[in-house]
Amino acid sequence: MIVNDPKKCCYCGGCVGVCPKAAITLKETRIEIDHEKCIECSSCVLICPVDAMKKVDGKGKGAKAGE
Amino acid sequence: MADNYDVVVVGGGPAGLMTSKKLAEQGVSVLCLEKLQEIGVPVRCAEGLGLNWFKRLGIKPNKQWAVNDIFGAALWTPKGKKIEVRTPDASGFVLERRLFEKELARDAAKAGAKIIVKTPVIAAERKNGGVEATTEEYGEIVKYNSKMIIAADGIESRVARMLGMETKIGLNDVDSGFQYEMAGIDFDDPDLISLFFGNKVAPRGYLWCFPKGKHEANVGVGIGGTRKESAKSYVDKFVAAHPGLKNGSKIIVNAGAIPVGGFLDNMVADNLMVIGDAAHQVDPIHGGGMGIVMEAGAIAAEVAAGALKRGDVSEKALSPYNGLWYEKRGNKLKGRLKRRLMLEEMTDDDFENIAANLNSEEVMKLAEGDLSMKAKVGLRFVKHPELMRKMLKHL
């Protein structure tokens with residue numbers, strides 16, 4: 001599962017742009033990940049300028065990032 | 001009940017604001033929706049704008065936002081050799097971009113465009129020959145009907161994708177960027193932008209220092225999207241190791257992804273145009289896009305205004321935007337994409353050898369893809385055949 005760390009995140013939206021499945025949304029100061037769509041390709045992890053995206057163990061279907 | 005406009009522009013950055021202004025000037029009713037609560041922030045940009053762009057776009061530098069005059073660039077090799085370029089082409093201003101964008105917004109509003117902030121578009125769909133944009137304003141769902149949408153919603157563009165156009169960018173075509181605006185610093189050339197190259201400093205990219213005054217600068221990095229360490233870590237390491245910077249203060253933190261390749265061949269669909277970062281309209285070498293996207297916005301606005309007048313906003317009617325933009329800018333940028341690939345292949349030794357064998361004028365010609373450089377490269381790099389091969393391949 002890909003998760004976003006809101007304490008590191010600078011809300012730049014880079015992860016949204018590289019997501020092949022349009023599974024990420026940048027709200028004003030919040031990243032939302034649609035785990036139903038996410039294929040865990042880690043593109044967002046690689047592009048993140050501040051290491052705020054991380055791949056962790058477990059399936060989080062339906063779970064919201066930062067919660 | 002939904003409000004009606006000719007055009008809904010999604011995104012209130014330089015691309016969206018310039019497009020809105022140009023549309024309004026041509027009598028088109030236009031609504032510009034910005035999802036954040038303030039125009040101009042956050043500034044995901046090094047804030048440099050070349051003199052050429054002021055001329056091309058007919059913008060007069062205003063001292064309120066054109067805060068520092070730049071007379072050229074200093075290119076630094078990994079070992080610290082400096083190549084200084086002082087030419088009109090490398091001159092310009094470092095902006096206080098949030099103020100610049102506010103002026104753009106004021107101009108657009110004065111021209112008759114309507115701008116609304118804190119209004120994210122959460123859905124868009126074609127309906128009755130037009131497009132319905134669904135927004136969320138203070139938790140309330142509000143819908144706007146228009147004949148067409150212009151997506152200027154940045155690297156995180158979702159609106160074009162909502163309308164069926166794939167604007168996703170591959171990791172090889174995007175840089176990971178991070179920047180501090182620093183104050184209380186001392187550095188060598190407050191009237192030059194400084195670019196630092198090398199695989200330790202900025203793998204597959206460069207680190208920049210764009211002065212905003214004698215003791216203030218944007219210090220940032222753009223590195224390949226397939227990196228091992230975060231962009232932030234490279235800036236932190238550089239600042240910590242640089243005597244003039246390490247005691248300074250970081251007064252703004254910015255991050256961003258920079259689309260440095262992967263131009264969209266087709267930037268239109270029925271009822272839709274895409275401009276700016278959303279269309280990956282960025283210079284592949286230096287990663288700057290402000291001027292490029294404002295120019296694209298003006299082109300898109302002209303095509304859209306014509307199409308609206310004729311009552312046809314089909315893909316075919318909007319497609320002249322593709323040709324006009326590529327003719328004016330896109331084809332040149334595609335050429336520069338080749339030199340970006342050259343830059344990406346450079347080892348640290350290559351940078352030193354280039355600095356040792358070419359003068360500043362020749363380095364600029366190399367970056368511009370000047371074909372006269374082929375013979376020079378062939379002559380001067382006989383001792384470095386591998387480097388010569390890389391250079392000739394991408395010239």
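Apart from one condition, B:GLY262 fits all of (1) surrounded by fewer than 24 Cβ atoms within 10 Å (Cβ to Cβ); (2) within 29 Å of B:GLY164 (Cβ to Cβ); (3) out of contact with any Gly (no Cβ under 9 Å at 6 or more places or on another chain); (4) within 14 Å of chain A (Cβ to nearest Cβ); the exception is (3).
How many of the residues in the range B:71-107 are in a strand (DSSP E or B), under 16 Å from B:MET290 (Cα atoms) and of a type in the set (A, V, I, L, M, F, W, C)?
In the first step, residues of the range B:71-107 are kept if they are in a strand (DSSP E or B); the result is B:73-76, B:82-85, B:92-95.
Of the ones still in play, those that are also under 16 Å from B:MET290 (Cα atoms) are B:92-95.
Filter once more, keeping what is of a type in the set (A, V, I, L, M, F, W, C): B:93-95.
Selection size over the range B:71-107: 3.
What do you reckon, is B:ILE223 of a type in the set (A, V, I, L, M) and in contact with a helix residue (DSSP H, G or I) (Cβ under 8 Å, 6 or more places away or on another chain)? Can you show your working first?
Working: of a type in the set (A, V, I, L, M): yes; in contact with a helix residue (DSSP H, G or I) (Cβ under 8 Å, 6 or more places away or on another chain): yes.
For B:ILE223, the condition - of a type in the set (A, V, I, L, M) and in contact with a helix residue (DSSP H, G or I) (Cβ under 8 Å, 6 or more places away or on another chain) - is met.
Here is a yes/no grid of residues against (1) among the charged types (D, E, K, R); (2) free of Cβ contacts under 8 Å to residues at least 24 places away in the same chain; (3) under 30 Å from B:GLU216 (Cβ atoms); (4) out of contact with any strand residue (DSSP E or B) (no Cβ under 9 Å at 6 or more places or on another chain):
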{"position": "B:VAL253", "(1), (2), (3), (4)": "no, no, yes, no"}
{"position": "B:ASP265", "(1), (2), (3), (4)": "yes, no, no, yes"}
{"position": "B:GLY276", "(1), (2), (3), (4)": "no, no, yes, no"}
{"position": "B:GLY297", "(1), (2), (3), (4)": "no, no, yes, no"}
{"position": "B:LYS309", "(1), (2), (3), (4)": "yes, yes, no, yes"}
{"position": "B:LYS328", "(1), (2), (3), (4)": "yes, no, no, yes"}
{"position": "B:THR347", "(1), (2), (3), (4)": "no, no, no, yes"}
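Considering every residue within the range B:90-111, establish whether at least one is within 12 Å of chain A (Cβ to nearest Cβ), at pLDDT 95 or above and under 24 Å from A:GLY14 (Cα atoms). Scanning the range B:90-111, I find no residue that is within 12 Å of chain A (Cβ to nearest Cβ), at pLDDT 95 or above and under 24 Å from A:GLY14 (Cα atoms), so the answer is no.
Looking at B:VAL363, B:VAL382, can you tell me which residue is over 26 Å from the mean Cα position of the chain (by Cα) and of a type in the set (Val, Ile, Thr)?
B:VAL382
Of all residues in the range B:112-140, those satisfying the criterion of being touching a strand residue (DSSP E or B) at 6+ places or on another chain (Cβ under 6 Å), assigned to a loop (DSSP other than H, G, I, E, B) and within 14 Å of another protein chain (Cβ to nearest Cβ) are B:THR119, B:PRO120. Would you point out which residue out of B:LEU341, B:LEU358, B:LEU392 is over 22 Å from the mean Cα position of the chain (by Cα) and within 19 Å of B:GLY198 (Cα to Cα)? Residue meeting the stated conditions: B:LEU358.
Consider the range B:79-95. How many of its residues are in contact with a Phe, Trp or Tyr (Cβ under 6 Å, 6 or more places away or on another chain) and surrounded by fewer than 20 Cβ atoms within 10 Å (Cβ to Cβ)? Looking only at that region, the number is 3. Can you name every one of the strands (runs of 3 or more DSSP E) wholly within the range B:141-259 that holds 1 or more residues which are within 28 Å of A:THR29 (Cβ to Cβ) and either more than 14 Å from every other protein chain (Cβ to nearest Cβ) or not charged (D, E, K, R) (or both)? Correct list: B:174-183, B:206-211, B:216-224, B:249-259.
So, restricting to strands (runs of 3 or more DSSP E) that lie completely within the range A:1-46, which ones have at least 1 residues that are touching a Phe, Trp or Tyr at 6+ places or on another chain (Cβ under 8 Å) and more than 7 Å from chain B (Cβ to nearest Cβ)? Hits in the range A:1-46: A:30-33.
Comparison of B:PRO211, B:PRO190 shows that the only residue that is under 18 Å from B:PHE71 (Cα atoms) and surrounded by 22 or more Cβ atoms within 10 Å (Cβ to Cβ) is B:PRO211.
Show me the helices (runs of 4 or more DSSP H) entirely contained within the range B:306-395 in which 2 or more residues are of a type in the set (Lys, Arg) and surrounded by 14 or more Cβ atoms within 10 Å (Cβ to Cβ). Let's see the steps before the verdict.
Numbers: elements: B:315-318, B:320-325, B:331-345, B:348-357, B:360-368, B:373-380, B:385-393.
Result: B:331-345, B:373-380.
Restrict the check to the range B:269-282 and report whether at least one residue is crowded, with 24+ Cβ neighbours inside 10 Å, away from chain A (no Cβ under 12 Å), at pLDDT 95 or above and part of a strand (DSSP E or B). Yes, some residue in the range B:269-282 is crowded, with 24+ Cβ neighbours inside 10 Å, away from chain A (no Cβ under 12 Å), at pLDDT 95 or above and part of a strand (DSSP E or B). Inspection of the range B:305-319 identifies no residue that is under 23 Å from the mean Cα position of the chain (by Cα) and under 30 Å from B:LEU51 (Cβ atoms).
Step by step: first the residues of the range B:8-51, then only those that are within 13 Å of chain A (Cβ to nearest Cβ) and touching a Cys at 6+ places or on another chain (Cβ under 9 Å), then the one that is surrounded by the fewest Cβ atoms within 10 Å (Cβ to Cβ). Which residue is that?
First, the residues of the range B:8-51 that are within 13 Å of chain A (Cβ to nearest Cβ): B:11, B:13, B:34-38, B:41-45.
Within this subset, residues satisfying the condition of being touching a Cys at 6+ places or on another chain (Cβ under 9 Å) are B:11, B:42, B:44.
On the way: B:GLY11: 28, B:PRO42: 17, B:ARG44: 23.
Among them, the one singled out is B:PRO42.
Report whether or not B:PHE54 is more than 14 Å from chain A (Cβ to nearest Cβ), of a type in the set (A, V, I, L, M, F, W, C), touching a helix residue (DSSP H, G or I) at 6+ places or on another chain (Cβ under 9 Å) and surrounded by 21 or more Cβ atoms within 10 Å (Cβ to Cβ).
On the way: more than 14 Å from chain A (Cβ to nearest Cβ): yes; of a type in the set (A, V, I, L, M, F, W, C): yes; touching a helix residue (DSSP H, G or I) at 6+ places or on another chain (Cβ under 9 Å): yes; surrounded by 21 or more Cβ atoms within 10 Å (Cβ to Cβ): no.
For B:PHE54, the condition - more than 14 Å from chain A (Cβ to nearest Cβ), of a type in the set (A, V, I, L, M, F, W, C), touching a helix residue (DSSP H, G or I) at 6+ places or on another chain (Cβ under 9 Å) and surrounded by 21 or more Cβ atoms within 10 Å (Cβ to Cβ) - is not met.
The values are calculated or read from the model by the stated rules, or taken from the named source; none is laboratory data. None of the values given here were measured: they were computed from a predicted structure. Every residue, glycine among them, receives a Cβ derived from its backbone with ideal geometry; neighbour counts consider all protein chains shown.
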